[in-house]
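S.K.: Mind looking over this structure? Questions follow.
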Amino acid sequence: MSELTLSIIKPDAVAKGVIGEIVATFEKNGLKIAAMKMVHLSRREARGFYAVHRERPFFDSLTDFMSSGPAVVMVLSGAGAIGKNRELMGATNPAEAAAGTLRQRFATDIEKNAVHGSDAPETARTEIAYFFPELDIVNR
Ligand code: ATP
Ligand code: MG
């Protein structure tokens, strides 16, 4: 049974020129791209996306970073896509991320950590809907 999750290649990774390497990692590990677009979030859009974190001390800095340049938002599909994507990303803090994970390979620090991935089915649904109308998600 296929599952959907939202992935974001954050502005730090886009600036480093590693979109291709990140997408290749997903494809090599059995995740398919079901939707994809380039976005440059406004501060307001970034704050909306990360609203669950609004009480955290890093909220302003995080949302400034997320609106600092272009990002790539994708819907990934595959069996266990939510967990598989989290596994490929590695720990939030790249200093703790396992060797070979996307954050170990490409992150700068705990904030500028290259990628985002939904953490549960309910957040996947709301995060996907934040960026993509149902009709823009291909069936694969
Ligand atoms: P994401 O939600 O982006 O997939 P995550 O689930 O591993 O990452 P969360 O705890 O949900 O991490 O935090 C969301 C994002 O906020 C992190 O990816 C990171 O960019 C930023 N962040 C988390 N903790 C910190 C921190 N202590 N200082 C600065 N930024 C942080
Ligand atoms: Mg999270």
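Laboratory data are not the source of any read-out in this text; all were calculated from the coordinates shown. Everything numeric in this text was worked out from a predicted model, so none of it was measured. Cβ coordinates were reconstructed from backbone atoms using ideal geometry, including for glycine residues, and neighbour counts include every protein chain displayed.
S.K.: Given the peptides 1-10, 60-69, arrange them by the average over their residues of other C-beta atoms within 10 Å, most packed first. Display every interim value, and only then the final one.
M.R.: Numbers: 1-10: 20.4, 60-69: 16.9.
My ranking of the peptides, most packed first, is 1-10, 60-69.
S.K.: Give me the percent of Cα-Cα pairs in the chain that sit more than 25 Å apart, rounded to a whole number. Write out the running numbers ahead of the final one.
M.R.: Numbers: 1833 of 9730 pairs.
Pairs farther apart than 25 Å: 19 percent.
S.K.: Something else about it: For a Förster distance of 22 Å, can you work out the FRET efficiency between the beta-carbons of Lys37 and Asp119, rounded to the nearest 0.05? All intermediate terms of the calculation are to be shown ahead of the outcome.
M.R.: Details: r = 22 Å, r/R0 = 0.99.
Efficiency for this residue pair is about 0.50.
S.K.: Could you give each residue of region 50-58 its phi-based ³J(HN,Hα) in whole Hz, using Karplus coefficients 6.51, -1.76, 1.60 with θ = phi - 60°, and x for Gly or Pro?
M.R.: After applying 6.51 cos²θ - 1.76 cosθ + 1.60, I find 9, 3, 4, 9, 5, 8, 6, x, 8 Hz.
S.K.: Another question about this same structure. Tell me the label-point distance for the pair Asp109, Asn139, using the 7 Å Cα-to-Cβ offset, in nm and rounded to one decimal.
M.R.: A separation of 4.7 nm, rounded to one decimal place.
S.K.: Is region 15-86 rounded, prolate or oblate when judged by the Cα gyration tensor, a ≥ b ≥ c being the square roots of its eigenvalues, rounded requiring a/c under 1.5 and prolate requiring a/b larger than b/c?
M.R.: Numbers: a/c = 2.36, a/b = 1.66, b/c = 1.42.
Prolate.
S.K.: Once label points are set 7 Å from the Cα along Cα→Cβ at both Phe58 and Glu21, what is their separation, rounded to one decimal in nm?
M.R.: Going from the Phe58 label point to the Glu21 one covers 2.1 nm.
S.K.: Using modelled backbone amide H atoms (1.01 Å from N, in-plane), which distant-in-sequence or interchain residues come within less than 5 Å of Ala91's amide H?
M.R.: Ala97, Ala98
S.K.: Return the ratio Rg/(2.2 N^0.38 Å) for region 69-112, where Rg is computed over Cα atoms only. Spell out each step's value before the answer.
M.R.: On the way: Rg = 11.3 Å, N = 44, 2.2 N^0.38 = 9.3 Å.
That ratio works out to 1.22.
S.K.: Another one. Between Arg44 and Ala95, what FRET efficiency follows from the Cβ-Cβ distance if R0 is 30 Å, with the result rounded to 0.05?
M.R.: Working from the Cβ atoms, E equals 0.45.
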